[in-house]
Amino acid sequence: MTFEEFIALVELKGGKVIGKPSIWKSVKIDLRGLNSNFEFHENSKIDNLTLVDYGGNNNIKIGKYSKINGLIKIGRKCNLKIGSNFSSTGGMKLHLSESSDIIIGDNCMFGIDINIYNHDYHPIFSIDTGERLNFSKSVYLEDHIWLANKTTILKGVTISTGSVIGIGSVVSKDIPPNSIAVGNPAIVVKSGITWDRASLNTSHLDGIKHFDEI
């Protein structure tokens, strides 16, 4: 789908598009609902993305210098916001539903095959009362978060600024700032850290003197 075809589809469904990414290729959009809005910074990049909008009335915003790929499944009345300088190696999957959000801050980095869910996909009920037990809850990733390969983030989680989630971890509870968390379920194994995108072989070989260096 070309960007012009995308704009025409969104407007046909009662929504609007603000801005145009610098790169738009290999994109598939399926809008089944009405009145969803999209906003792209002019320096964002959309490459190899599939987006399915099931319910409409959603808002999707992509920030400056952010490169988006993978799969986004979004229900109804949800907000997806990805800040500036976001990167994903590949295989990202974002799952939103039931008026709940996924908010990703600035300078975040995703490894391969990251899954974020703000819902459980299927309802669970109490046998005794018939009451539904598992409502959707928003997910918040603050600034400068690194999710290593095959990490899963579950509904209701906040990961605070500067933290790292280890390979294959499943995060079901909030993670404090500047921490490393690993495991299933993920637990904090180290605090007082920060991190850098640079390769281990190319910079800061002997450490840093101050956060401003990275």
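Some observations on this one:
- Once the stretch 13-34 is narrowed to residues that are open to solvent by less than 60 Å² (accessible area, probe 1.4 Å) and of a type in the set (D, E, K, R), the residue that is nearest to the chain's Cα centre (by Cα) is ASP30.
- Condition broken by ASN37, with the remaining ones in (1) buried (at least 20 other Cβ atoms within 10 Å of the Cβ); (2) touching a helix residue (DSSP H, G or I) at 6+ places or on another chain (Cβ under 9 Å) satisfied: (1)
- Leading residue by the ranking (least open to solvent (accessible area, probe 1.4 Å)) among those in the stretch 74-99 that are among the charged types (D, E, K, R) and within 30 Å of ASP196 (Cα to Cα): LYS93
- Tabulated pairs, the stretch 164-188, first under 13 Å from LEU154 (Cα atoms) and of a type in the set (Asp, Glu), second outside any strand (DSSP E or B) and open to solvent by less than 60 Å² (accessible area, probe 1.4 Å), C-beta under 9 angstrom, 6+ apart or interchain: ASP174/GLY156; ASP174/VAL157; ASP174/SER160
- Taking the listed residues PHE125, PHE135, the one that is without any contact (Cβ under 8 Å) to a residue 60 or more places away in the chain, surrounded by fewer than 19 Cβ atoms within 10 Å (Cβ to Cβ) and out of contact with any strand residue (DSSP E or B) (no Cβ under 7 Å at 6 or more places or on another chain) is PHE135, with no other qualifying.
- Top-ranked residue in the stretch 170-180 [being within 15 Å of GLU142 (Cα to Cα) and of a type in the set (A, V, I, L, M, F, W, C); ranked as nearest to the chain's Cα centre (by Cα)]: VAL171
- Residues located in the stretch 182-210, provided they are among the hydroxyl-bearing types (Ser, Thr, Tyr), modelled with pLDDT under 95 and open to solvent by 50 Å² or more (accessible area, probe 1.4 Å): SER199, THR202
- Whichever residue in the stretch 108-122 is surrounded by fewer than 20 Cβ atoms within 10 Å (Cβ to Cβ) and in a loop (DSSP other than H, G, I, E, B) and, among such residues, is nearest to the chain's Cα centre (by Cα): ASP113
- Test result for VAL10, at pLDDT 95 or above, more than 25 Å from ILE153 (Cβ to Cβ) and over 12 Å from the mean Cα position of the chain (by Cα): yes
The values are calculated or read from the model by the stated rules, or taken from the named source; none is laboratory data. Values in this document were obtained by computation on a predicted structure and should not be read as measured data. Reconstructed Cβ throughout: ideal geometry from the backbone, glycine too, with neighbour counts over all protein chains shown. The area values use the complete protein model at the heavy-atom level, side chains included, leaving out ligands, DNA and RNA. Shrake-Rupley method; radii C 1.70, N 1.55, O 1.52, S 1.80 Å.
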